[in-house]
Amino acid sequence: MAETRYASPLAEELAEDVLARFLRYVVIDTQSDPTSTTYPSTEKQLDLSRLLLEELRALGLEDAELTEHGYVFATVPGTVAGAPTVGLIAHVDTAPGVSGTGVRPLVHRGWDGAPLRLPGDPGQVLDPDDMPGLAERVGHDLVTSDGTTLLGADDKAGVAIIVTAAECLLKDDAPRATLRIAFTVDEEVGRGTDHFDLGAFGADFAYTFDGSGLGEVETETFSAYQLVLTITGVGVHPGSGKGRLVNALKLMGEFLVALPTNGLTPETTEDREGFVHPERLTGTTGSATVWMLARDHDDAKLEEHVALVRRIADDVVGREPRAAFTLDVVEQYRNMRPALDRHPEVVEAAEEAIRRVGVEPVHSIIRGGTDGARLTEKGLPTPNLFTGGQHYHSEREWASVQDMGAAAAVAVELIRLWGERSA
């Protein structure tokens, strides 16, 4: 009988192994960089990739490899002839917006429900009154950073879950499908699958472990563009600027002020509502550039958001005939829901595996994207499953050890389930 904090006996069995791996992985700085032109965008991501290669080979996965683009691939052989090849995928990089250097993970055993003030920055408080997911984890063992960095559960929890599941599957010859493992780079900057070779991977379908709360099955993402607006003015020494200077920074300021504020922003939208989000700005008097995220679950509405940005830029820059602008629209990923709807058996198997570990599946939409969105678009159906991490991309990120154990148990049950169906 499992302890009541754990979803199942298997979840309890795997939880401490997941935790040990997770603590080992999060202290490795793997932050990606959206401004880099290399692949991966930061060399330090490969520090974790190389460690994972060593660990997978130590488990006996002789074909484990680190590809020229930084992906780690490996195979857990199946025991049932004719069973499909199932992929499990997570990413090694962490988000560029919050430091991932010098992560000091803290384990809070049997959390009593009181607000957690993080010692590295006492201003960072995990308050259950503000975090409904946290309020539901009283009694759980929680992992946080010290408050000065992110934790890295997104997605090192997923990485730890998959390695732990692989080790568990190798301990017996029970019916199981062939498992293909992939650990990717640069997911957080939208490039995680740029060089992902579906043929070399060889899976029939896959699952990313890159979600959040217990039991989540995510089959719908935003569709996403990156918008890059550059406004060009006329740079002149300010001492002789009268009648000649056209300040691109001021024009960019007018553009930003003209963007919607009571809607179409991350601060004012939820569920399937989209947004336009300025996330990075640079410039001088002569030229200024802003990078924006355009997101929506409806592709037609996404195009409307792009058109709105263009109209505002036309209006602002059009008032100054000596100024000009360019707007580059870069597709990042598409909503994976339409493609996954054509493969209901892949989602249904995830639901059954979650139920096998004593949890009821929770269907939720992703107000963002995953490697799975790009892979699904490329032809590999890839829904996203939970990891037990919460409050991603912030210093207040946290993870439940019990929920991570449940996710590892789901990964094991998924591979067994697909084997049993072909036995």
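The values are calculated or read from the model by the stated rules, or taken from the named source; none is laboratory data. Because the structure is a prediction, the values reported are computed rather than measured. Cβ sites come from the backbone with ideal geometry, for glycine too, and all protein chains shown count toward neighbours. Only protein heavy atoms, including side chains, enter the accessible area calculation; ligands, DNA and RNA are left aside. Shrake-Rupley method; radii C 1.70, N 1.55, O 1.52, S 1.80 Å.
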| field | Exposure of Lys378 as accessible area (Å², to 10), given a probe of 1.4 Å and all protein chains | value | 90 Å²
| Once phi is turned into θ = phi - 60°, what whole-Hz ³J(HN,Hα) does the Karplus curve with 6.51, -1.76 and 1.60 give for every residue of segment 48-64, x standing for Gly and Pro? | 6, 4, 5, 4, 5, 4, 4, 5, 5, 5, 5, 6, x, 8, 5, 8, 4
| message | Cut-off under 25 Å on the C-alpha distance; same-chain residues fewer than 8 positions from Lys156 excluded. Which lysines are left, in chain and number order? | response | Lys44, Lys171, Lys378
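Quote the Stokes-Einstein diffusion coefficient, in whole µm² s⁻¹, for the chain, based on the Kirkwood radius over alpha carbon pairs, a temperature of 25 °C and a viscosity of 0.890 mPa s.
Value of D from the Cα-based Kirkwood radius: 108 µm²/s.
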| said: Between Ala324 and Asp197, how high is the FRET efficiency from 1/(1 + (r/R0)^6) when r is the Cβ-Cβ distance and R₀ = 45 Å? Nearest 0.05. | reply: 0.65
| field | Straight-distance crosslink candidates among aspartates and glutamates, where the alpha carbon sits under 17 Å from Lys250 and sequence neighbours closer than 8 are dropped | value | Asp314, Asp315, Glu320
| task | Mind ranking 121-127, 256-262, 363-369, 84-90 by how tightly packed they are, going by the mean number of other C-beta atoms within 10 angstrom, highest first? | result | 84-90, 363-369, 121-127, 256-262
| request: Would you tell me the accessible area of Tyr392, worked out with a 1.4 angstrom probe on the heavy atoms of the protein chains, in Å² to the nearest 10? | output: 50 Å²
| Using 12 Å as the cut-off for backbone N distance, which residues of segment 111-126 belong to the label zone defined by a point 7 Å from the Cα of Val138 along Cα→Cβ? | 111-115
| said: Which residue fluctuates most in the GNM of the chain (Cα springs below 10 Å): Leu142, Leu249, Leu227? | reply: Leu249
| Ignoring any ligand, DNA or RNA, what whole percent of the accessible area of the chain comes from carbon and sulfur when the probe is 1.4 angstrom? | 50 percent
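Just the number please: accessible area per residue for the chain, 1.4 Å probe, all protein chains included, in Å².
Roughly 40 Å² per residue, with all protein chains present.
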| task | Label segment 30-130 by shape, choosing from rounded, prolate and oblate, from the square roots a ≥ b ≥ c of the eigenvalues of the Cα gyration tensor; if a/c is under 1.5 it is rounded, and otherwise prolate applies when a/b is larger than b/c, oblate when it is not. | result | oblate
| message | Please check: in the Gaussian network model of the chain (C-alpha springs, under 10 Å), which one of Ala174, Ala182, Ala95 has the largest mean-square fluctuation. | response | Ala174
| note | Along the dipole axis of segment 238-394 (charges at Cβ: +1 for Lys and Arg, -1 for Asp and Glu; origin at the Cα centre), the most positive-end residue among Leu245, Leu308, Trp291 is Leu245
| note | Ranked by GNM mean-square fluctuation in the chain (Cα springs under 10 Å), the top entry among Asp154, Asp129, Asp146 is Asp129
| field | Mean Cβ count within 10 Å, highest first, over the residues of peptides 395-405, 411-421, 42-52 | value | 395-405, 411-421, 42-52
| note | So His69 and Glu345, fully extended at 0.36 nm per residue minus their Cα-Cα distance, gain in nm 96.2 nm
| What length, rounded to one decimal in nm, is gained on full extension from Ala174 through to His108, with 0.36 nm per residue of separation minus their alpha-carbon distance? | 20.2 nm
| query | Could you give the nm distance between label points at Val362 and Glu43, where each point is 7 Å from its Cα heading toward the beta carbon? | reply | 4.2 nm
